[in-house]
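Colleague: Please read through the structure below; I'll follow up with questions.
Bear in mind these aren't lab numbers, they're just calculated from the coordinates by the rules spelled out. Since this is a predicted model, take the numbers as computed values, not measurements. In this analysis, Cβ positions are derived from the backbone assuming ideal geometry, glycine residues included, and neighbour counts consider all displayed protein chains.
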Amino acid sequence: MFRFAIKVGLAGGAVYYSKQEGIWEENTEKVYERYGTALKPHLESVKKQIPLDIPALPSSGELCFVTKHYYNEGVKSTIRFIHMLPCYAGQLAKKGSDAIKQAMDAQPAQKDVPAAPAAATPAKK
């Protein structure tokens, strides 16, 4: 329960902070530009420390397009999954019933064969 409370607190704090920064309003491009200029000196120092080429941040128009594209793909995939859910459930039920039938057929029929009494063997001395 404590772990859940921590997660809810972190998520709530992130939503509150993003609301205060204006991310959920119409000025998201201004927020993006503000963070881009604020992170530029830190990015420069990281470039000096790491000998790898770090790609430039995408423009806000590209970022908006990519975000919308992936959001739409996620919605389409979710709707497609919900649409196919009855088919998936039917396939799963068929596999389950086939597995149960196969397990029932694999068991030997022991009702017809009487159990043989254990033979007593004399012990050697």
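Colleague: Looking at Ala5, Ala93, which one is exposed (fewer than 10 other Cβ atoms within 10 Å of the Cβ), without any contact (Cβ under 8 Å) to a residue 40 or more places away in the chain and aliphatic (A, V, I, L, M)?
Modeller: When all the criteria are applied, what remains is Ala5.
Colleague: For region 25-55, name all the residues that are surrounded by fewer than 10 Cβ atoms within 10 Å (Cβ to Cβ), over 29 Å from the mean Cα position of the chain (by Cα) and in a loop (DSSP other than H, G, I, E, B).
Modeller: Scanning region 25-55 gives Glu26, Ile50, Pro51, Leu52, Asp53.
Colleague: Do the conditions hold for Gly22, that is, is it at positive phi and surrounded by 10 or more Cβ atoms within 10 Å (Cβ to Cβ)?
Modeller: yes
Colleague: Oh, and also: Checking Asp53 against (1) among the charged types (D, E, K, R); (2) closer than 24 Å to Lys68 by Cβ; (3) out of contact with any helix residue (DSSP H, G or I) (no Cβ under 7 Å at 6 or more places or on another chain), which single condition isn't satisfied?
Modeller: Asp53 satisfies every listed condition except (2).
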